[in-house]
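Asker: If you scroll down you'll find the structure; I have some questions about it.
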Amino acid sequence: MSERLEDIAIAMVADGKGLLAADESTATIKKRFDTIDLESTADSRRDYREMLFRSQDAMRNNISGVILYDETIRQSAKDGTPFVDIMKADGCIPGIKVDAGAKPLAGYPGETITEGLDGLRERLAEYHGLGARFAKWRGVISISDTLPTWGAVKQNAQALARYAALCQEAGIVPIVEPEVLMDGKPGTHSIERCYEVTELVLKTVFAELYDARVKFEGMILKPNMVIDGQKARKASVDEVAEQTVRVLKATVPAAVPGIAFLSGGQSDEEATAHLSAMNANFTTPWKLTFSYGRALQAAALSAWKGKSENVAAGQRAFTHRAKMNGLAAMGGWKKDLEKAA
Ligand code: 13P
């Protein structure tokens with residue numbers, strides 16, 4: 001495969017494909033495993049990820065790349081085959097989460113700054129050696145009547161830009177993820193408020209990316225959709241699709257090859273329906289696809305329940321969601337297809 005950033009970015013958003021976000025930190029995967037009463041150990045995390053990565057139909061047809069966590073990019077399947085080799089054999093590009101998480105931002109109650117810039121150049125060089133060709137950094141933006149503050153938006157945008165420039169220097173495509181929370185506190189904001197905050201955040205992020213000399217052709221944007229808060233959800237699918245495309249057209253340069261959404265706590269079907277409606281109803285200069293964590297994995301996790309006899313059921317559930325989202329990336333998902341399965 002080509003090593004040019006532009007070509008890697010284009011492959012990440014190939015027709016009918018999107019990204020699997022399987023980069024839960026050790027703390028986050030423990031929370032996911034708690035929901036199925038499974039102890040989180042290096043072996044149980046390996047077994048879970050092996051189940052996903054060996055879902056060959058999904059990986060070949062609907063997944064362009066996988067975002068991994070530091071532990072996982074170094075891990076092997078039970079038979080000793082490195083995970084990176086398994087996904088590459090199915091044409092999937094390995095990626096890596098490189099941020100060190102969102103920490104309280106000094107002087108800004110209720111807001112966070114994402115850490116992980118110190119030593120990043122050296123870590124990126126190591127990850128490139130381990131096979132990663134793209135990376136992810138998530139900046140988290142609180143939303144309420146009074147938040148975010150300009151200071152928090154600016155500082156998170158600067159961190160994203162410094163990260164993205166270092167990635168491109170290392171031959172790694174940066175996924176730039178400024179997430180306006182839909183499931184944060186209080187979670188009661190309107191879709192109009194989400195539009196306003198998302199517009200400010202994206203305008204600021206692209207200004208900082210430009211100042212940091214990031215090449216838009218060699219990056220992928222991972223935004224939230226424009227949607228009302230999880231405790232106030234009432235916007236229709238068409239409304240979410242329309243407002244999301246509108247804010248992106250107002251803020252994202254056409255040189256960016258692709259936009260891959262996070263699911264952010266939407267139900268599996270909501271996340272799929274919203275993406276499909278955007279692709280079915282609008283023409284855009286960039287590809288619109290998925291980079292889902294929970295919306296691709298929730299059904300698989302609950303079908304699996306940590307038991308080896310359920311691996312096939314977990315793989316069927318994951319393969320189904322991957323296929324539904326692959327269709328949504330082309331605007332071709334229909335609700336009946338969910339029932340048929
Ligand atoms: P969700 O789709 O579960 O929001 O996760 C995507 C992700 O990678 C968040 O950083």
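Asker: Filter region 182-199 for residues that are surrounded by 18 or more Cβ atoms within 10 Å (Cβ to Cβ) and part of a helix (DSSP H, G or I) and give the result.
Answerer: ILE191, ARG193, CYS194, TYR195, VAL197, THR198
Asker: If you don't mind, another one. Please indicate, with yes or no, whether at least one residue in region 212-222 is among the basic types (Lys, Arg) and surrounded by fewer than 21 Cβ atoms within 10 Å (Cβ to Cβ).
Answerer: The answer is yes, given that some residue of region 212-222 is among the basic types (Lys, Arg) and surrounded by fewer than 21 Cβ atoms within 10 Å (Cβ to Cβ).
Asker: Identify the residue in region 25-51 that is more than 10 Å from THR72 (Cβ to Cβ) and basic (Lys, Arg) and, among all such residues, is surrounded by the most Cβ atoms within 10 Å (Cβ to Cβ).
Answerer: ARG32
Asker: Please name all residue pairs, on different chains or six or more residues apart, with Cβ atoms under 8 Å, provided the first residue is in region 5-22 and is at positive phi and modelled with pLDDT of 95 or more and the second residue is in a helix (DSSP H, G or I) and within 16 Å of the ligand (Cβ to nearest atom).
Answerer: Close Cβ pairs (under 8 Å, with a partner that is in a helix (DSSP H, G or I) and within 16 Å of the ligand (Cβ to nearest atom)) amount to GLY16/GLY326.
Asker: A further question on this structure: Show me the strands (runs of 3 or more DSSP E) entirely contained within region 82-154 in which 3 or more residues are under 24 Å from ALA170 (Cα atoms), in contact (Cβ under 8 Å) with a residue 40 or more places away in the chain and not small (Gly, Ala, Ser).
Answerer: 93-97, 134-141
Asker: Now a separate question. Which condition breaks for ARG321 when tested against (1) free of Cβ contacts under 8 Å to residues at least 40 places away in the same chain; (2) within 16 Å of the ligand (Cβ to nearest atom); (3) among the basic types (Lys, Arg)?
Answerer: That leaves (1) as the condition not met.
Asker: For residues in region 279-303 being under 16 Å from LEU221 (Cα atoms) and outside any strand (DSSP E or B), which is farthest from the ligand (Cβ to nearest atom)?
Answerer: Here the residue is PRO285.
Asker: What number of residues within region 248-274 satisfy the criterion of being away from the ligand (no atom under 16 Å from the Cβ), over 14 Å from GLU179 (Cα atoms) and of a type in the set (A, V, I, L, M, F, W, C)?
Answerer: Qualifying residue count for the region: 5.
The values are calculated or read from the model by the stated rules, or taken from the named source; none is laboratory data. Owing to the predicted nature of the structure, the values given are computational and were not obtained by experimental measurement. All Cβ positions, even for glycine, are placed from backbone atoms using ideal geometry, and neighbour counts span all protein chains on display.
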